[in-house]
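To keep things clear, I will list the structure first and then write my remarks on it.
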Amino acid sequence: MEDTLIVVDSYLSTKERYDACNELISQLKGVFVDHKILVINKYHESYGLEKHVDYYFYYGDSFMVGPPPQHLLESQKYELPYTYIMTDPGTFENWYPLVGVTDHVAGIYNSFIISCQIGKILGHKKIFRVEYDTSFPDKNELEAIKMDVTSFKDYLFYGTRKEGHWAKEHQYLVDVHMIGYSVNAFDGFDLAKNDDDYWNLCERIGYYGKWIEYVVPSIIESQRGITISAGTDYPVKVAKMFPSAKFDTINAPGEWSSTWEVVPKICKIGELRGEHLVEGKMGIFFWGNESYPIKSQITITNSKDEVIYRKEKEVLPNNWTLDTLEIKEEVSVRIKTTRKDRVTETTSTYTPQDIKNIAPRFLFK
């Protein structure tokens, strides 16, 4: 028996999700021919998938993590997840809200614990975990991954890196779409069954957030010298290492994909050094988040309904534009974003105080 158990972590709430998972299993079987495959499903429907794998485990106790405890907010320990766009003059940071994004973190964490326990029972030494909506159309890339899976010791990390300006010295994150680890890697850690369990976990590992990409390496680091001695790190973007591989083939609306639904983003303006905020100034940041051009229209009016800013722009993929606007009173902002398959229209109002308090910001170098 191969010492590595292949684990597919899934949530098969639709036939589309089942199809994606089944395709991944077929791809894995074509390369990991001597390995056993376990599917962990967090949804009660299986669509008969258990017939296609060696082992199947239904875990129906997943929950969505709620807002962080007040003491973490008051102490400013809580770490909001965010994405960032680096430009020559500075960095745009798009921060996510307290709830509604990455709230499924406990369910993902639990899949690591469950996979280790089952792996031990079955006599395996290592786990290679893959998320169900991952695809490897190029068999050669999967063969290369198999070589890594065969050779790693205590962990196998792809995409090891620090994110933005806010990662603490001891923190880094890894890609968890595919990841390897010893069945002993999480010894001493238990399932998170409710919010209290999850936030207690955060206290233990010194990471106070909902980003699983930080949780897992934080646990691994806490286990060094205990169950972890050495592993394999690839500090390279997964898309660069495996250009044909596809991740998150089924996007969940309302999570990562929705954070750039409205373009441009209204933001505050600051300076990276000292985090100095420019008073009375609004940032208007356009970013091409699609693989094709999108059309953006924005109109800003003052209290007299006079137009003080208007722009109609075709935003190209991975292109950005930053405009700034001084505001001394409440303004109304109307934005229309047109994509191939949908049109999004929003109207919002902002006072100078509102701008100071919003999360997105552009920091000049």
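The values are calculated or read from the model by the stated rules, or taken from the named source; none is laboratory data. Here the structure is a predicted model, which means the values were calculated and not measured. Here Cβ is always computed from backbone atoms with ideal geometry, including for glycine, and neighbour counts include all displayed protein chains.
Inside the stretch 154-176, can you point out the residues that are surrounded by fewer than 21 Cβ atoms within 10 Å (Cβ to Cβ) and either more than 21 Å from the chain's Cα centre (by Cα) or closer than 20 Å to Tyr59 by Cβ (or both)?
Matches in the stretch 154-176: Asp154 only.
Report yes if some residue within the stretch 182-204 is modelled with pLDDT under 90, closer than 30 Å to Leu142 by Cα and not β-branched (Val, Ile, Thr); otherwise report no.
Of the residues in the stretch 182-204, the ones modelled with pLDDT under 90 are none.
For the stretch 182-204, residues modelled with pLDDT under 90, closer than 30 Å to Leu142 by Cα and not β-branched (Val, Ile, Thr): absent.
Could you identify the single residue in Ile127, Ile179, Ile118 that is modelled with pLDDT of 95 or more and surrounded by fewer than 19 Cβ atoms within 10 Å (Cβ to Cβ)?
Among Ile127, Ile179, Ile118, only Ile118 is modelled with pLDDT of 95 or more and surrounded by fewer than 19 Cβ atoms within 10 Å (Cβ to Cβ).
Only one residue in Glu93, Glu50 is among the acidic types (Asp, Glu) and surrounded by fewer than 19 Cβ atoms within 10 Å (Cβ to Cβ). Which one? Walk me through how you get there before you give the answer.
Values: Glu93 fails: surrounded by fewer than 19 Cβ atoms within 10 Å (Cβ to Cβ).
Residue meeting the stated conditions: Glu50.
Kindly list, by first and then second residue, each pair from a residue in the stretch 176-200 that is in contact (Cβ under 8 Å) with a residue 40 or more places away in the chain to a residue that is in a strand (DSSP E or B) and crowded, with 17+ Cβ neighbours inside 10 Å, limited to pairs with Cβ atoms under 6 Å and residues at least 6 apart or on different chains.
His177/Glu131; Met178/Val130; Ile179/Arg129; Gly180/Phe128; Gly180/Leu156; Tyr181/Ile127; Tyr181/Tyr155; Ser182/Lys126
Where the second residue is not in a strand (DSSP E or B) and the first is surrounded by fewer than 13 Cβ atoms within 10 Å (Cβ to Cβ) and lies in the stretch 321-333, which pairs have Cβ atoms under 6 Å and are six or more apart or on separate chains?
Qualifying pairs under 6 Å: Glu329/Ser303.
Could you list, in sequence order, the residues of the stretch 82-140 that are closer than 25 Å to Tyr208 by Cα and of a type in the set (Lys, Arg)?
Arg129
Can you tell me which residue among Asn184, Asn194 is in the same structural domain as Thr227 (by TED's automatic domain parsing) and within 21 Å of Met64 (Cα to Cα)?
Asn194
Looking at this structure, is Gly188 outside any helix (DSSP H, G or I) and loosely packed, with under 13 Cβ neighbours inside 10 Å?
yes
Could you list, in sequence order, all residues of the stretch 155-178 that are of a type in the set (S, T, N, Q) and in a loop (DSSP other than H, G, I, E, B)?
Gln171
Can you find a residue that is without any contact (Cβ under 8 Å) to a residue 24 or more places away in the chain, of a type in the set (Phe, Trp, Tyr) and closer than 25 Å to Met178 by Cβ anywhere in the stretch 34-43?
Checking the stretch 34-43: not a single residue is without any contact (Cβ under 8 Å) to a residue 24 or more places away in the chain, of a type in the set (Phe, Trp, Tyr) and closer than 25 Å to Met178 by Cβ.
Go through (1) touching a helix residue (DSSP H, G or I) at 6+ places or on another chain (Cβ under 7 Å); (2) surrounded by 20 or more Cβ atoms within 10 Å (Cβ to Cβ) and name the single condition Gly206 misses.
Unmet for Gly206, out of (1) touching a helix residue (DSSP H, G or I) at 6+ places or on another chain (Cβ under 7 Å); (2) surrounded by 20 or more Cβ atoms within 10 Å (Cβ to Cβ): (2).
Given the criterion free of Cβ contacts under 8 Å to residues at least 40 places away in the same chain and either closer than 24 Å to His124 by Cβ or among the β-branched types (Val, Ile, Thr) (or both), identify the matching residue among Ile220, Ile145, Ile250, Ile226.
Criteria check complete, one pass: Ile226.
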